Amino acid sequence: MTLSETLILVLYFFVLSILAIYGWHRYYLVYLYMKNRDKAAGRGLPPPPLRELPPVTIQLPIYNEMYVADRLIDAVCEMAYPRELLEIQVLDDSTDETREIAELAVRRHAARGFNIQYLHRVDRTGFKAGALEAGLKVAKGTFIAIFDADFIPPADFLARTLPYFATHDKIGMVQARWGHINQDYSLLTKIQSILLDAHFVLEHGGRNRSGCFFNFNGTAGVWRREAIDTAGGWQHDTLTEDLDLSYRAQLIGWRFVFLPDLVSPAEVPVEMTSFKSQQHRWAKGSIQTCLKLLPRILRSNQPLSVKAEAFFHLSANFNYLLMSLLSVLMFPAMWVRYNMGWTEMLLIDVPLFAAATLSVCNFYIVSQRELYPDWRSRLKYLPFLMSIGIGLCVNNTRAVLEAMFGKQSEFTRTPKYGIEREGDEWVGKKYHQSVGLQPIIELGLGLYFTGTVFYALINQIYGTLPFLMLFQIGFLYTGLLSILQQVTGEDEMQPEVAK
């Protein structure tokens, strides 16, 4: 065996082993969730109602949201809370027709007696974090609720979240679970809904129940204003200002509560390019936060279990680098072993692949079982879910590398089209994003794995076929759908460079 062949196999099994470790971590999250089932907030007796209702400010950060701004403002103004204690801030950084739509909605509800203000910034420094920071400077509320433009919060949202702050004076944030208005719109929206369900139910649920840190998701949550101020306020040196503030607040002693039974419906992206843009922002922001805060977390006096969970949480997106490397190495590693007669090494990498993939299956099966009576009917989406997760590795590897090297990327918010049901149309609307070169790379990898599948078939290496096809389908689907939707939509969205 030559040196190059040895290096290929060593690197291949090293990458696969690290991915398997993170795969086993998913089993651990499920274990934390199940072990601490009786500690879930809201599952036992709810906290008693507040004796005295506090003043609340609701912040609505929007930017070019002409299709959903009116829906959001209307929903918030239906909140069941005394008007004299409720302040609503529409934090609009828009540069298009959204300004007129939002201003008209504000005037309409102000005429009904609501304390609602329209705040427009010309300088978008800090983007969403900057808008929240600017609004906070003039906010009157003791508690701050935040909703993104694509959400439709339930009328009893404040009534069900605020009592938890009275249970302990160190409760700094209460987070609701996201619902999905349009999860049945397409295969892509169905996959996103399952991904988000597992994130909230098992990641948030397992971490919160076991006393580990978890994060505010940027929307559908309520903050104690004091927690924001004492943690250093909204900072915009990362793309995930919510994750950043969450860890800073918990490091100084604030406690968070996750309410799995309080659902705030929202719209998930219907375009592949929009979905990838959202995932890019989340992946890049999480690595930026990891580089910024993980050393501080590891030096803190937090329990080892909290530090370990924070490490896995904040570093998870580094796995996309490994996934991209694994994608390139899979065929050379297979070729080296086959030509040397080392087919028995399948006894090593097939179990490693199984550790990484079966843990994913278990993770999402448990989350669906916890939420839906018809969860078995949803299991058919799991192979597509794993494939799309793999197909994102080019997109998210770019995000991770940009974060590692401090590259300022173009900031593009996720377009929302007011898509609520099957049959609603997004083609021809504004805000579509250009695809660039990335889908071509994804398509090339899809064809690369198509050739690898044929190689495995010809040489009767059948044990690898299920895994190879996950890669093949994932790259072909993400690449082709991005190109197809670019052809059918109009590119009218001009991204801005992050400041």
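The values are calculated or read from the model by the stated rules, or taken from the named source; none is laboratory data. Quantities reported herein were computed from a predicted structural model and do not represent experimental measurements. Positions of Cβ are backbone-derived with ideal geometry, glycine not excepted, and every protein chain shown enters the neighbour counts.
Worth pointing out:
- Pairing each residue of region 16-36 that is within 29 Å of residue 330 (Cα to Cα) and crowded, with 19+ Cβ neighbours inside 10 Å with any residue that is hydroxyl-bearing (Ser, Thr, Tyr) and at pLDDT below 95, provided the two are 6+ apart or on different chains, yields C-beta distances under 8 Å for 23/357; 23/359; 26/359.
- Pairs with Cβ under 9 Å, 6+ apart, first in region 464-482 and at negative phi, second among the basic types (Lys, Arg): 478/276; 482/276
- Answer residue from region 72-83, given it is of a type in the set (A, V, I, L, M) and in contact (Cβ under 8 Å) with a residue 60 or more places away in the chain and is surrounded by the fewest Cβ atoms within 10 Å (Cβ to Cβ) among those: 80
- The set of residues in region 285-333 that are outside any helix (DSSP H, G or I) and within 22 Å of the chain's Cα centre (by Cα) is empty.
- Residue ID - farthest from the chain's Cα centre (by Cα), chosen from residues in region 252-270 that are small (Gly, Ala, Ser) and either buried (at least 24 other Cβ atoms within 10 Å of the Cβ) or assigned to a strand (DSSP E or B) (or both): 264
- Answer residue from region 121-148, given it is farther than 21 Å from residue 244 by Cβ and modelled with pLDDT of 95 or more and is surrounded by the most Cβ atoms within 10 Å (Cβ to Cβ) among those: 141
- Every residue from region 218-239 that is surrounded by fewer than 23 Cβ atoms within 10 Å (Cβ to Cβ) and under 20 Å from the mean Cα position of the chain (by Cα): 218, 234, 235, 236, 237, 238
- Hey, residue 357 modelled with pLDDT under 75 and either among the β-branched types (Val, Ile, Thr) or surrounded by 14 or more Cβ atoms within 10 Å (Cβ to Cβ) (or both) or not: no
- Test: residue 249 is assigned to a helix (DSSP H, G or I) and in contact (Cβ under 8 Å) with a residue 24 or more places away in the chain: yes
- Top-ranked residue in region 84-109 [being acidic (Asp, Glu) and either part of a strand (DSSP E or B) or outside the structural domain of residue 62 (by TED's automatic domain parsing) (or both); ranked as surrounded by the most Cβ atoms within 10 Å (Cβ to Cβ)]: 92
- Residue list for region 453-482, filter: under 18 Å from residue 437 (Cβ atoms) and hydrophobic (A, V, I, L, M, F, W, C): 475, 476, 480, 481
- Breaking point among (1) part of a loop (DSSP other than H, G, I, E, B); (2) in the same structural domain as residue 220 (by TED's automatic domain parsing); (3) touching a helix residue (DSSP H, G or I) at 6+ places or on another chain (Cβ under 9 Å); (4) within 30 Å of residue 232 (Cβ to Cβ), for residue 119: (1)
Each row is one residue, and each column tells you yes or no for (1) of a type outside the set (Lys, Arg); (2) in contact with a helix residue (DSSP H, G or I) (Cβ under 7 Å, 6 or more places away or on another chain).
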position	(1), (2)
189	yes, no
206	yes, yes
209	no, yes
218	yes, yes
232	yes, yes
246	yes, no
